[in-house]
1. Give the cross-link partners of residue B:15 among the lysines, using a straight C-alpha distance below 26 Å as the criterion and excluding same-chain residues fewer than 8 apart.
2. Using a 1.4 Å probe and ignoring any ligands, DNA or RNA, find the accessible area of residue B:124 and quote it in Å² to the nearest 10.
3. If the cut-off is 18 Å between C-alpha atoms, which lysines fall inside it for residue A:213, apart from same-chain ones fewer than 8 positions away?
4. Computed on protein heavy atoms with a 1.4 Å probe, what is the summed buried accessible area for the chain pair B and A, in Å² to the nearest 100?
5. Residues of the range A:102-130 losing 10 Å² or more of accessible surface, assembly versus chain alone, probe 1.4 Å, please list them.
6. Toward the positive end of the charge dipole of chain B, about the Cα centre and with charges on Cβ (Lys, Arg +1; Asp, Glu -1), which of B:127, B:360, B:280 goes farthest?
7. For residue A:138, tell me the accessible area in Å² from a 1.4 Å probe, rounded to the nearest 10.
8. When the solvent-accessible surface of protein heavy atoms is calculated with a 1.4 angstrom probe, in what order do B:289, A:124, A:179 fall, highest first?
Amino acid sequence: MTDALIVIKDAGKRYMRGKQSVQIFDHLDMTIPRQDFVAIMGPSGSGKTTLLNLLGGIDRPSGGVIEFDGKRMDDLNESKLAAFRAGNVGFIFQFYNLMPMLTATQNVELPLLLTKLGPKARRERVNTALEIVGLSDRARHKPSELSGGQQQRVAIARAIVSDPKLLLCDEPTGDLDRETAGEILSMLQTLNRDFGKTIVMVTHDPEAARYAKRVLHLDKGHFSEKDLRQ
Amino acid sequence: MTFLDLVRKNLFRKKLRTILTVVAIVIAFAIFGVLATFQNALNAGVDTAGADRLMVTNKINFTLQMPVAYVQRTRSVEGVKLVSHADWFGGYFRDPRIFFAAIAVDPPTYLDIYPEYQLPPKHRQAFLSNRTALVAGKAVADQFGWKVGDRIPLKSNIFQQMDGSDSWDFTLAGIIKGESARIDTNFVLFHYDYFKGTRSFGGDTIGWMIIQTRSAKDNARVMKEVDSLFANSPFETETQTEQAFAKAFIEQAGDLGFIITAVVGSAFATILLIAGNTMMLTVRERTNEIAVMKTLGFASERIFALVIGESLLLAVIGGALGVFIAWLSSFALQNATGGTFGPMTFTPGIAIWSVVLMGLLGLLTGWLPAVRAMRINVVAALGGK
């Protein structure tokens, strides 16, 4: 592993629930090296998804600093955060979150509409992404015509099509059977190992966490590292 | 895939709902197009009225007569360039239900004062040189299939000939075209002298005079002087600009402009609610998807543009179809009315107004949903809150 891709220093997150302020975590420190594959586990409400949102720039910390690739991102305005997400982060959700009216190809192409790539270059990238996830033969199918596993592969292709450095996965196998989940997790391992993607995966499932290089346990606002492979 | 493809796919994901909304918009724009065409036809006389032309009618009522001798006296008023006169014949051809204006005129001055009526020189000469000649506006000639040289018997529902007949025989000397499609050509003209010499009553009287002033700046003074010239006579006059006269003539039937505006306004207010509701529902149903798009990096401004793009596309599809129907209807209306209410033409002006309304409809119906979409909180939406 080389230098750090993400550094979190003394970060805190507080929400207002009605009139009540709820502290999710405080004084959180974390470093994610490039090409790491880290699984984050923890009980419900421990702040796993909140942490993922902070890493992905869809939420801002209440305090502290978050650096991505050596640059602060916690103080970016909304449009700069949007540009940051488009260029640096791929998201994979539990329920795939594909656009139902678009084909697999069009779903994968969606993030490329934000780039300056021409139609031909976009088509090439989409084809490559679909090849990587093994779904070239389902390119013209809509999500409703695909199985859960196939939909998640399309979602992975969408996440990697703009070649981001970071993939954030929120319970990526939570809606899949064991066998399909294994396929998806192996694919994530491949993306980490062969394509150099840094992956942060939130999961409840210890079996899924075994595919990561390391596992962090988040509880009461603090991390503890565990090795589930032993 | 382009940004526009994305807008289109979003718009047609619930086909039935979109089609029903489009149909409602089509109806609104068709109503607008047809009524605007109708209003345009009614206003054609007002819009095409010459700025330097005045109409002199009997002060009591414009249907009453005045002596033909007024023409000569009016010519002496300072600022008057040309004076012509006309008389209403109340004519029809075979079927009294098919309306057109049949007017007995002083041909040379009348044609000079209305240069927008285009008559080939040969036909003009034929008209001037033959006392029983008649020239027909293109709308009338087309309506009855008349050709130059045809014998045209016209009946009057007002006058009779001295021999008791109510029919006058004419020879069609030419067909008048308007210099633009907005010029009403639903009329026929013939010689006042022929009419005066054969009618059983009316004597040396005319229906109205038309004055061309040297300049529109002279209008106010000429109007005043002409009316004072005939003040305290048995036939007092009322002189007004041709535009004011045409407007007053239309408004005899009520304020049609207001009625048309009210109908069109109601149609658009309804469609604003229908299309606005559709767009609002659309955005509400897609809260999660919009949050996902934001997560992928679509900035709020792009989300705003996507939703506004959808409402604009909806308005343009419905509007364009409605305008097309209105355009087709203008031909049917022209055939059905034969130009009775003026030329039923779907003008470029109506098309431009339609485009403006499409834009307004799209912006107004899309604005609120677009702002709502722009403000969707990604964390809350993805968390199902």
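1. Counting by Cα, and skipping residues close in sequence, residue B:15 has these lysines nearby: A:142, B:294.
2. Near enough 70 Å² of accessible area.
3. Straight-line reach from residue A:213, under 18 Å: A:48, A:165, A:197, A:226.
4. 2100
5. Output list: A:102, A:106, A:109, A:110, A:111, A:113, A:114, A:122.
6. Positive-end residue among those listed: B:280.
7. So the heavy atoms of residue A:138 present about 80 Å² to solvent.
8. In descending accessible area the options line up as A:179, A:124, B:289.
The values are calculated or read from the model by the stated rules, or taken from the named source; none is laboratory data. Please read these numbers as outputs of a predicted model, since none were measured by experiment. Every residue, glycine as well, gets a Cβ built from its backbone with ideal geometry; the counts of neighbours run over all protein chains shown. Ligands, DNA and RNA are stripped out before the accessible areas are found, and what is left, the full protein with its side chains, is counted by its heavy atoms. Shrake-Rupley method; radii C 1.70, N 1.55, O 1.52, S 1.80 Å.
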